[in-house]
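The values are calculated or read from the model by the stated rules, or taken from the named source; none is laboratory data. Keep in mind that this is a model prediction, so the values were computed, not measured. Every residue, glycine as well, gets a Cβ built from its backbone with ideal geometry; the counts of neighbours run over all protein chains shown. Accessible surface areas use protein heavy atoms only, side chains included; no ligands, DNA or RNA. Shrake-Rupley method; radii C 1.70, N 1.55, O 1.52, S 1.80 Å.
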Amino acid sequence: MVRILMHGCNGKMGQVISGLLAVDEEAQLVAGIDMTENKNAPYPVFRNVWECNVEADCLIDFSNAAAVDEMLAYCLEKKLPCVVCTTGLSEAQQRKVEEAAEHIPVLKSANMSLGINLLLKLLKNAAQVLAGAGFDMEIVEKHHNQKVDAPSGTALALADAINEGVEYTYVYDRSERKEKRPRKEIGISAVRAGSIVGEHDVIFAGMDEVITFSHTAYSRAIFGKGAVQAAKFLAGKPAGRYDMSDVIDGAQGGQE
């Protein structure tokens, strides 16, 4: 049984993960850390990470950027593996994540969805064939109207996957251009509307045929499921920097 600490347990994703772990037979949420109070939690909740004295095998972080530095320091002191899901980290914080991985296992990915990370692997293989055959590559991503960044981090990760070894440029707006589409570019378009959780389409368009890879997120639960799988994978691993592709590779190895 993998014992998990939830950093940011009272947030939206923290509550999603709490619900998932409540019915998980392989992992248990043993404590939470959050500045806001939740008297109904079925596990102890600490207002500060340093107050937590509960033994655990891994920490999942879905908090905010301001809390990540203290979380990393705590995990380093406790030699505790951590799954970093918080977004919006500064460059200095990104460096701290990499530095922490020299001493403890750290997993961080642009998107925690198992489906998206499997798609990244598929796109690398597809681009090797289709880019060389002259296919144009475009990405359309759609999110809810409260999302402040565009394009999404996931869209950029998808672009990086198909651009590996190709060196195409990215373009986000063609409204000022009056010219044919340059061959070596990847167009990335962002839609912000309603309550769309997340949709990503990667389009390979050639002469007389179009191949589209699509992923749709219907709820935040997919990110929670990915984080839980990542925590199970990371517990007991040696120090190092991991991402969700390692989790997928580990699952595939377990099935062989």
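Miscellaneous remarks
- Against the numbered list (1) hydrophobic (A, V, I, L, M, F, W, C); (2) closer than 17 Å to F233 by Cα; (3) buried (at least 22 other Cβ atoms within 10 Å of the Cβ), F62 comes up short only at (2).
- Answer residue from the stretch 238-256, given it is modelled with pLDDT of 90 or more and either among the basic types (K, R) or open to solvent by 60 Å² or more (accessible area, probe 1.4 Å) (or both) and is farthest from the chain's Cα centre (by Cα) among those: P238
- Selection within the stretch 25-44 - surrounded by 18 or more Cβ atoms within 10 Å (Cβ to Cβ) and either among the aromatic types (F, W, Y) or part of a strand (DSSP E or B) (or both): A27, L29, V30, A31, G32, I33, Y43
- In the set E77, E102, only one residue is part of a helix (DSSP H, G or I) and open to solvent by 40 Å² or more (accessible area, probe 1.4 Å); that residue is E77.
- Inter-residue pairs, beta-carbon under 8 Å, first at pLDDT 90 or above and in the stretch 165-182, second open to solvent by 90 Å² or more (accessible area, probe 1.4 Å), 6+ apart: Y168/K184; T169/K184
- Filtered residue count, the stretch 111-153, keeping only those that are within 24 Å of G206 (Cα to Cα) and among the hydroxyl-bearing types (S, T, Y): 0
- Contact map, the stretch 39-56: first residue in contact (Cβ under 8 Å) with a residue 24 or more places away in the chain, second residue open to solvent by 60 Å² or more (accessible area, probe 1.4 Å), Cβ cut-off under 6 Å, separation 6 or more or different chains; pairs are V49/E70; A56/R3.
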